[in-house]
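The values are calculated or read from the model by the stated rules, or taken from the named source; none is laboratory data. Note that this is a predicted model, so its numbers are computed, not measured. Using ideal geometry, Cβ is built from the backbone for each residue, glycine included, and neighbour counts are taken over all protein chains shown.
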Amino acid sequence: MPASIKNITQYIPQSAKVEWHDTTAVFEVAPSDIQKIANDFYHEKHLPLKMITATDERKEHGCFKIWYVFGVPKENIFLVPFIVLKNTETFPSLATTIHEAANHERKIQTFFGLTPKGHPDTRPIILHENWPIDVFPLRKDFDGNPPREAHGQYNFQKVDGEGIYEIPVGPIHAGIIEPGHFRFSVAGEEIMLLEARLGFVHKGSEKLFERLSLTDQVRLSEKISGDSSFSHSLAFCQAVEQLAGIHVSEHTRFLRVIYAELERLANHCGDIAFIMLDTGFNFGGSQGTRLREMVMRVNERLTGSRFLRGVNGVGGITKDIHATESDGLSRELIVLRKDFSEIIAIAENSSSLRNRLEDTGILSSDIAKDCGVVGVAGRAIGMVNDARVDYPYAAYTTLHIGDVATEKKGDAQARFRVRVKEVHASIALIVDALRQLPEERVTQPVKEVTLKKNAVAVSIVEGWRGDIVYFVATDAHGAITRVAPRDPSFLNWSAVGHAGVGNMVPDFPLINKSFNLSYSGNDL
Amino acid sequence: MTPILWIIQSIFVPAVSPLVIGVIKKIKARFQNRQGASVLQPYRDLWKLFHKDEVVSRDASWIFRVAPFIVFAITLVVGASIPLVTLFLGNTYTSDIVVIIYTMAIGTFFLALAGMDVGGAFGGFGSSREMTVSALAEGGFIFSLLTLALVSGTTNIFSIAATIADLHITLLLPLGFAFAGFFIVLLAETARFPFDNPATHLELTMIHEAMLLEYSGKRLALMEWASANKLLIFIALASNLFFPWGIAQTLSLSALALGISVFLGKILIFCFVIAVIESSIAKLRFFRLPDVLIVSFVLSAIAISLIQ
C-alpha cells in the first residue's frame, strides 16, 4: 500500500471496500451510483479518466464487470471503481456528462454487447458493416473464428444546406499511409464537418492477448502500434510486473528510459520532417528524415532492431548498453542536436512555412478537454500532462525531466514546436541517463512468472504521441484473462475532426500530420 | 535544309520535355542531399506507362477517353508554332500570341472536363481548382504577352522575338515587369510551386495531379507527357520572347548549332530557378494564390503603361 494513502482516501467514498493492487485502488460501486461517483471524480476532483473497459467473468462469477480507470496525477495512483452487471446487459452511460467516455462506452457496446443506457450515439465503433451486430468478439464464448458476413449500414453524419457536398476520402490513399476513411462535408473549399471512420486495421489484438503465452504477449504489445513498439511493450511489461510483484533492477529502469527516449527522438524527428514536407518545404522534410534515420540506425546498432522490438521483457531487458558504447552515443546525440538546431533555425526563418503552420487546425481548449486529448496535441494547448511527470515510472523517478513542454495556441505550429522542445529534452534526458547508468550486468527478462490471483493492474507510459495505458486482469488461477491497451490515438482521433472544421480541404493533410495519430493503435 | 529544320521544330518539344522534368527532379534531389534518379527517368516512366494496361471507370464518357489525345495534340501544335532554335519557321496561322494563349486554354478546358467526367471526388476538386487558377492567371498571361506585342507592333510570335532581339535599351524596364508577370503565370500554368506541388502524394492538396488520378496506362502517359510539353512550351516562350538573344536568325549551320546550344542553356537556367524555388519555400495556402496571380496581372499592366 502506498505511503500517500492518506491523500487518496479523500477521493474514495466512505462506504467503499477498497482493495489495493500495488498502486491501484479497486472498489465496487453499485451501477446506480457510478454516474455520481464518476462525475464527482471527473468534474469536482478533476481526476483524468484514463480508460473505461469491461471484462467478461460470466464463467467464474456470472457477471460482466465494467472498470472505470481514473488517474491521480503526482500521487502516481489509479482509482478504479467498477460495476458488476449480473443478469443484465445494460449499464448507465456517462457520455452525457463526460464526453470522452462516449467512445469507450461505444467500444464496450460493440465488443462486449453491453448497452450503455442513455448513450447518444449507438453506432458500432471499429467493427464495420460486414460484422454481424450480434457477435461480440471480446466475450469469452466467442471462439475467434470469423463469423458469417453481414451487410449492415453505417450512417455518416449529414450536413444539409445549399452548396454543401460530401467528399469521401480513403481508406486507400495516394501515399503509403495507414488506411482510414474521412468523410468531409464542405462548402467550396471550407470544411463544415469531418467524420473519421476507422477500424480498417482491426486485427483482434485484444482477443489475441487472451490466448498467447507471456513472451508472445510482450511481442504482441510491440505490434499494437509499430512506431511505439517500445512504449507499448514497456506499459504491458510494467503491468505484468505489478501483478507478479517483480521489482526491476535500477540498471533496467535506466535502460528503459534511454530506449523510450530514443523512440521518442526518432519519431519526433520524423514528425517534424513530415509536417514540413506536407507544406512542401522540401529542405526541412529531407533533413528531418535524415535525422530520424540517424536515430533508427543507433537503435539498430544497440538492439538489432530499428523499432526497438524484442528488447523489453517482463522483469528485465535483453539488450545492454556497454560503457564503451555509451560515450560514442552521447557524442552522436550532441552532433544530432547541433544539426537539429540548425534545421529548426532555418525552418523558423522561413516565412512561407510559418504562414502555412500558423492558425492551421486550431484545436480549442474546451473541445480538447471534452475529448480527453492527451500528449503532444494536449500540450500544444497548454495542458500540462505528461505521464513521466504525473505517474513516474522506470528511472523517470530519479532523473531530472524539467518542465513539461507546452505551447498555447493549439494550432499546427504549436504542435510542431512542442515536438521541437521535446526533441531537445529527450536528448538531454538520454545523455543524463547514460551518465548515471549503473555499472552492473544486464537483467534478462524472466520466462515464468506467478501472478496475483483475481487482481488487476494499470500501467501508464508516456509514448511519443501521449500516454499509453494498459489494463491487465487475472483470474482465480493467476492467468491473464484480459489485456486492454489504450493508445493515445483512441482519444485524440475524436479531436482531429474538430480541429479540421473551418479550415480548407487542402490544409487537412497538414492538420492530420500535425497530430500524426496511429490507426493501428486505435483499431487494435 | 528547311524540311530538316521543320522536323526539328516539330519534335523538339516532345523529345526534350521529359528531359526537362528529369533535370528539375535531379536538381531538387541534389538540393535535398539525395542522389536522385537519372535525368532520363521520365523517358523510362513514359515507356513503362505506354506498355501498361488501362483501367477506365464504368462512368467515364468519351470525354475522358479522348481528352488525353486532345491535350497532347495541342501541346504538339503549340510546341511547333513557337520560336525554339530559329526565327524563320513561323507561320501566320498558329504563331500568333492570341491563338497560342487560347489554344492552350482549350487543352486546360478538356483537362478540367476529363477530371470531372468520372465523378470521382478528387477529379472535381482538381478541375475546380485548376479553373480558378487558370482563370486568374489568364489576365497576367495575356497582358504580359500584350506588352511584347505593343512594343514590337505585331502579334506574330516570331516577329516579336525578332524585334525584341535588337531592341532599344529604354524598353528594358517594361520588359522586365512583363517578364516578372509572365514568370508567375509560368509557375501557375505548369503546376509548379508555389501553386501546386508536383511531387505530392496528398490527394487533398493536389491541383493538376488530382485531375489525372483516374488515368492509367497509355492515357496517363499522354497526360504526363503533355504536361511536360506544356512546361517546356512556357520555358521556350519565356526565354525566346523575353531573352531572344542567341537564337538562330540565319540558315547557317553555325548559327543553328549556336541557337540549339543557347536554347538548351536557357532551359537549364529555368530548370535551375524552378528547382531552387521548389527547394527553398513551402507551397502557399490555396486562398493566397489569387493574390500572387493578381500581382502577375498588375506587373503586366504596369509594363504596358511604361511603354512610351
Take A:V472 and decide whether it is in contact with a Leu (Cβ under 7 Å, 6 or more places away or on another chain) and either without any contact (Cβ under 8 Å) to a residue 24 or more places away in the chain or assigned to a loop (DSSP other than H, G, I, E, B) (or both). no
Can you find, within the stretch B:281-308, the residue that is nearest to A:G502 (Cα to Cα) among those that are within 14 Å of another protein chain (Cβ to nearest Cβ) and assigned to a loop (DSSP other than H, G, I, E, B)? B:R285
Looking at B:I63, B:I21, can you tell me which residue is closer than 21 Å to B:L264 by Cβ, out of contact with any Phe, Trp or Tyr (no Cβ under 6 Å at 6 or more places or on another chain), β-branched (V, I, T) and in a helix (DSSP H, G or I)? B:I21
Hey, A:L220 in a helix (DSSP H, G or I) and away from chain B (no Cβ under 14 Å) or not: yes
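Please determine, by comparing only the residues of the stretch A:140-188 that are charged (D, E, K, R) and over 30 Å from A:C63 (Cβ atoms), which one is farthest from the other protein chains (Cβ to nearest Cβ).
A:E149
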A:S494: assigned to a helix (DSSP H, G or I) and at pLDDT 90 or above, yes or no? yes
Residue count for the stretch B:116-135, restricted to those that are closer than 28 Å to B:I82 by Cα and touching a Ser or Thr at 6+ places or on another chain (Cβ under 6 Å): 1
Select from the stretch A:332-385 the residues that are within 14 Å of chain B (Cβ to nearest Cβ), more than 16 Å from A:N516 (Cβ to Cβ) and within 27 Å of the chain's Cα centre (by Cα) and list them in ascending order. A:E358, A:D359
Can you tell me which condition A:D359 does not meet? The list is (1) of a type outside the set (K, R); (2) at pLDDT 90 or above; (3) closer than 26 Å to A:V469 by Cβ, and all the others hold. (3)
Looking only at residues that are of a type in the set (K, R) and out of contact with any Gly (no Cβ under 7 Å at 6 or more places or on another chain) in the stretch A:405-464, which one is surrounded by the fewest Cβ atoms within 10 Å (Cβ to Cβ)? A:R441
Here are some residues: B:A73, B:A60, B:A37, B:A29. Which one is touching an Asp or Glu at 6+ places or on another chain (Cβ under 8 Å) and surrounded by 12 or more Cβ atoms within 10 Å (Cβ to Cβ)? B:A60
Qualifying position, being in a helix (DSSP H, G or I), over 15 Å from A:Q413 (Cβ atoms), assigned by TED's automatic domain parsing to the domain that holds A:D507 and touching a His at 6+ places or on another chain (Cβ under 9 Å), among A:R297, A:R337, A:R301: A:R337
Over the stretch A:207-226, the set of residues acidic (D, E) and more than 26 Å from A:N76 (Cα to Cα) is A:E210, A:D216
Which numbered condition B:A221 misses (of (1) of a type in the set (A, V, I, L, M, F, W, C); (2) surrounded by fewer than 24 Cβ atoms within 10 Å (Cβ to Cβ); (3) within 18 Å of B:A275 (Cβ to Cβ)): (3)
